[in-house]
Amino acid sequence: MAQMTSCDSKELKVEVLETSASGNKLSTILVGAHNKKQGSIQIKPEEKFQTITGFGGSFTEASAHLLNQLGAANRKKIIEAYFGPNGARYSLTRTHMNSCDFALSNYSYAPVIDDLELEHFSIEEDKEDLIPMIKEALSVSEDGFKLLSSPWTAPPWMKDNKDWRGGKLLPENYGTWAKFFSKYVDAYKAEGIDIWGFTVENEPLGNDNNWESMHYTPEEMTRFVENHLGPRLEADGKGHIKILGYDQNREHLNEWVDVMYASEETSKYYAGTAIHWYASTFEVFPEALQYAHQKAPNKHLIQSEACVDAEVPKWQDDHWYWSKEATDWGWDWAPEKDKHLHPKYVPVYRYAGDIIGCLNNWVDGWIDWNMVLDRQGGPNWFKNWCVAPVIVDPQADEVYFTPLYHTLAHFSKYIRPNAIRIGWENNSTDLKVTAAKNPDGTIAVVLLNQQDSKIDFELILGEKSQYITISEHAIQTIVIPPIETN
């Protein structure tokens with residue numbers, strides 16, 4: 001642990017980890033006295049907010065398929081980096097139920113038309129790639145992790161348009177679709193994998209029918225949960241499994257939570273709400289997040305998907321991830337009234353800024369999208385290329401850990417499940433800050449400096465303080481040991 005050598009009783013002992021554009025990658029930073037300071041951050045552990053569920057990424061067939069093409073050493077290296085005790089220690093993850101765009105093809109666990117009793121239900125498709133990846137991650141994770149599963153669509157035969165894309169679930173198939181969720185839990189349990197929760201539907205507003213999707217209004221989804229999915233899981237002894245509603249962009253959050261939490265009956269089976277970040281490359285939508293929390297202060301608010309979309313990954317080029325060159329889907333395709341929400345952005349800043357902004361507005365979990373993609377940004381059957389924190393070249397058996405991996409680790413490794421977000425007072429407008437107290441008593445403070453110069457500041461906790469410097473263009477996690485927090 002990096003400490004000052006002085007024995008001053010007013011000195012706050014800390015460990016400082018930094019990732020920066022200049023090349024630090026979760027590097028230990030020495031602290032020491034400064035003759036000047038440009039600001040101060042006071043930590044207030046007595047101010048308590050939400051309990052943290054976790055941080056992590058998503059298991060997709062695309063990621064798992066790529067791992068199967070790598071040599072054993074690199075496969076192990078990636079799994080250890082995400083889940084091992086010396087890695088990012090992911091604690092909250094997601095996967096897809098049936099296929100999604102980051103699958104190798106369209107598939108369902110119930111392919112037989114009009115199989116209303118689901119007698120032919122099978123997760124065989126997942127046994128080659130997806131399930132082995134999840135099980136290997138479980139084997140190296142000391143604390144385990146929660147797994148959230150999301151369907152992109154019901155099998156086409158259950159829908160009004162008989163297609164993988166778009167359309168609605170036929171009301172007469174609501175009961176069968178609810179049973180599908182329950183059978184999925186049993187099938188994964190038989191493989192040694194527990195499902196922590198579901199989102200009812202990935203992106204119920206649709207995606208212009210580009211890839212697997214199924215549409216719900218807030219009222220339709222709530223009727224399905226209230227009358228079918230919730231009662232089915234409860235009747236099957238699975239009432240402990242979380243059900244998260246919505247699962248799309250934050251700009252429509254208000255209208256969804258108004259319906260979900262309209263009454264005790266409508267909200268009974270909802271454990272919370274899931275959200276995505278694609279409505280803007282910079283805007284966190286704090287008012288919407290605050291509104292959702294106020295509507296249901298005891299329910300989850302989980303960021304379930306985020307990625308650098310509409311980009312082919314840059315290979316072995318850290319500089320790009322720290323540069324304001326990335327564009328998203330909205331750069332080309334957003335309606336004119338929303339274009340201002342989709343300017344070019346710095347990928348590292350978007351990630352770190354969004355997580356900090358989410359935490360500071362009651363979000364309790366944050367999940368990235370694909371853990372591993374190739375140099376094209378796939379495989380993706382629709383050719384919907386995206387970026388992942390880890391990029392691989394399976395032909396050459398090479399792995400590239402992008403700066404996004406280290407950015408996520410600043411949170412997932414040091415803010416642990418059941419941590420409590422705590423208060424702080426920051427008098428520097430140049431630093432973004434969040435803080436949490438872990439179950440073991442450590443306090444983690446995460447900072448983002450987007451400025452062109454380093455910043456010297458004083459970190460204050462009670463009667464003790466420490467002078468710290470954060471590099472220009474950098475993220476820091478400051479860990480305060482339990483002895484200092486008493």
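The values are calculated or read from the model by the stated rules, or taken from the named source; none is laboratory data. What you see is a predicted model; the values in this text were computed from it and never measured. No Cβ is skipped: glycine too gets one built from the backbone with ideal geometry, and neighbour counts run over all protein chains shown. Note: areas computed on protein heavy atoms with side chains; ligands, DNA, RNA excluded. Shrake-Rupley method; radii C 1.70, N 1.55, O 1.52, S 1.80 Å.
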How do VAL392, VAL112 rank by accessible surface area computed with a 1.4 Å probe, from largest to smallest?
VAL112, VAL392
Length released on extending from GLU336 to ALA235, taking residue separation times 0.36 nm less the Cα-Cα span
31.5 nm
Net dipole in debye of the chain [+1 Lys, Arg Cβ; -1 Asp, Glu Cβ; about Cα centre; nearest 20]:
1180
In the neighborhood of LEU341, defined by Cβ-to-Cβ distances under 15 Å, what is the net charge if each Lys or Arg adds +1 and each Asp or Glu adds -1?
-4
Too-long pairs where the Cα-Cα distance tops 21 Å, listed order kept, from LYS127/LYS162; LYS324/LYS454; LYS344/LYS413; LYS13/LYS413; LYS314/LYS344
LYS127/LYS162; LYS344/LYS413
Any idea how far the Cα center of the stretch 421-440 sits from the one of the stretch 349-379, in Å?
19
Segments 187-197, 62-72 sorted - mean Cβ within 10 Å per residue, highest first
62-72, 187-197
Rounded to whole angstrom, the alpha-carbon centroid of the stretch 103-163 lies from that of the stretch 75-89 at a distance of 24
When the chain is fully extended, how far beyond the present Cα-Cα distance does GLU128 get from SER27, taking 0.36 nm per residue of separation?
32.7 nm
Would you mind checking the stretch 192-210 for residues with the amide N under 19 Å from a putative spin-label position 7 Å along Cα→C-beta of LYS135?
192-196
Cα-based shape type of the chain, given that a ≥ b ≥ c are square roots of the gyration tensor eigenvalues and the cut on a/c is 1.5
prolate
Looking at GLY330, VAL363, ILE422, which one has the Cα that reaches farthest to the positive end of the dipole of the stretch 323-439 (charges on Cβ: Lys, Arg +1; Asp, Glu -1)?
ILE422
With all protein chains in place and a 1.4 Å probe, ASP393 shows an accessible area in Å² (nearest 10) of 20
From Cα pairs below 8 angstrom and at least 6 apart in sequence, can you work out the relative contact order of the chain, rounded to a whole percent?
24
What number comes out for the charge environment of SER105, summing +1 per Lys or Arg and -1 per Asp or Glu over other residues with Cβ under 10 Å away?
-2
Got a number for the accessible area of GLU336? Probe 1.4 Å, square angstrom, nearest 10.
150
Return one whole number: the accessible area per residue of the stretch 264-374 in Å², for a 1.4 Å probe.
38
Of the peptides 121-133, 271-283, how do they stack up when ordered by the mean number of other Cβ atoms within 10 Å, highest first?
271-283, 121-133
Local net charge near SER91, Cβ-Cβ under 13 Å (Lys/Arg +1, Asp/Glu -1):
+1
Would you work out what percent of the accessible area of the chain, with all protein chains in place, is carbon or sulfur (probe 1.4 Å)?
47
I'd like the accessible area for ASP160: 1.4 Å probe, protein heavy atoms, all chains in place, Å² to the nearest 10.
90
Applying the span-like rule to the chain (DSSP H, Cα extent along axis at least 15 Å, Kyte-Doolittle mean at least 1.0) gives 130-140
